Amino acid sequence: MKAVILAGGLGTRMRPLTYLVPKPLLPIGGKPLIERTIEYLKSYGFREFVICVAYLKGYIIDYLNRSKANLGVEIEFAESDVPLGTAGQLKTAQHLVSETFLAMNGDIVTSLNIRRLVDYHKNRGGIGTIALKTFELKLPYGLVEIGQDSRITAFREKPVMSFMVNAGIYVFEKEIFSYIPEGKVFSLETDVFPRLISEGKVLNSFYEEAYWADIGTVSDFERVDAYVSTGAAEFQKPM
């Protein structure tokens, strides 16, 4: 099974760090994020990778071409001249994928057990499986629940709400590409997934407790880098 890593975004929320360096090459714990991701997936048996690149793609291609021998993996590149969104970028990998595949956003650090995710998808079937994580949000105000005749039935002051959200890690069947137009900015989250659900396609969810962090902002980058640098996080030990 191939692993497709989406690494073509602009990283606008990471500026000024990403003006000259693409986000996948920023160091987390002294190692470029893209290299850390490849090693993480390699620990679960992945040896063939497709990297979807766009913004400052030459830097990523050059670095990985120089590193892949030491990494002990095969790497192919799916290129576009401009970022195309999560689905549009994934579409560029279509000619390099011939069967069920793993897809993962390139700005994630996690300890999710990928083997369990893949096995779960194979057992359940369907066009895809989305890994989930929990997300807690503390409301800044009191939550009021209202029943009939505007009568207040419950009042909770600044409660913490828990949600299941997309973790940006997927197992897809090749059929997914038929839902994505070529050469167009397109989103998995706002375009593809809602359509699959509306058409009754089987789209599974998978959840387990795991460390997960999105390198979306400079503060995220600093926090995760500090955490990984302490050695507190161990991500290359499948169970």
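Bear in mind these aren't lab numbers, they're just calculated from the coordinates by the rules spelled out. Quantities reported herein were computed from a predicted structural model and do not represent experimental measurements. Cβ sites come from the backbone with ideal geometry, for glycine too, and all protein chains shown count toward neighbours.
At q = 0.11, 0.16, 0.23 Å⁻¹, work out log10 I(q)/I(0) for the range 88-161 with the Debye formula, treating every Cα as an identical point scatterer and leaving solvent out; two decimals please. Results for the range 88-161 at q = 0.11, 0.16, 0.23 Å⁻¹ read -0.58, -0.77, -1.16.
When the chain is treated as a GNM with alpha-carbon contacts under 10 Å, the residue of Pro194, Pro32, Pro159 showing the greatest mean-square fluctuation is Pro159. Using the Cα coordinates of the chain, the gyration tensor eigenvalues translate into equivalent-ellipsoid semi-axes of 32, 23, 19 Å, sorted from longest to shortest. Computed over the chain, relative contact order equals 26 percent, with contacts defined as Cα pairs under 8 Å that lie 6+ residues apart. The distance separating the Cα centre of the range 110-165 from that of the range 15-75 comes to 31 Å. For a straight C-alpha distance cut-off of 26 angstrom, the lysines reachable from Lys133 (same-chain residues fewer than eight places away being disregarded) are Lys2, Lys23, Lys31, Lys42, Lys91, Lys122, Lys158, Lys174, Lys201, Lys237. Counted residue by residue at 0.36 nm each, then reduced by the alpha carbon distance between them, the extension gain from Lys184 to Thr217 reaches 9.3 nm. Scalar couplings 3J(HN,Hα) for the range 173-190, obtained by applying the Karplus form with A = 6.51, B = -1.76, C = 1.60 to θ = phi - 60°, are 8, 4, 4, 4, 5, 5, 9, 10, x, 8, x, 10, 5, 8, 10, 4, 6, 9 Hz; x denotes Gly and Pro. Highest mean packing first, where packing is the average number of other Cβ atoms within 10 Å per residue, the peptides 8-15, 204-211, 56-63, 143-150 line up as 8-15, 56-63, 204-211, 143-150. Couplings 3J(HN,Hα) for the range 157-163, derived from phi with the Karplus relation 6.51 cos²θ - 1.76 cosθ + 1.60 (θ = phi - 60°), are 7, 6, x, 9, 9, 10, 10 Hz, where x marks Gly and Pro.
Of the trypsin sites (Lys or Arg not before Pro) found in the range 112-162, those in coil by DSSP whose Cβ has at most 12 other Cβ atoms within 10 Å are Arg151. Paramagnetic label reach from Asn70 (point 7 Å along Cα→Cβ; backbone nitrogen cut-off under 20 Å): within the range 1-41, residues 21-41.
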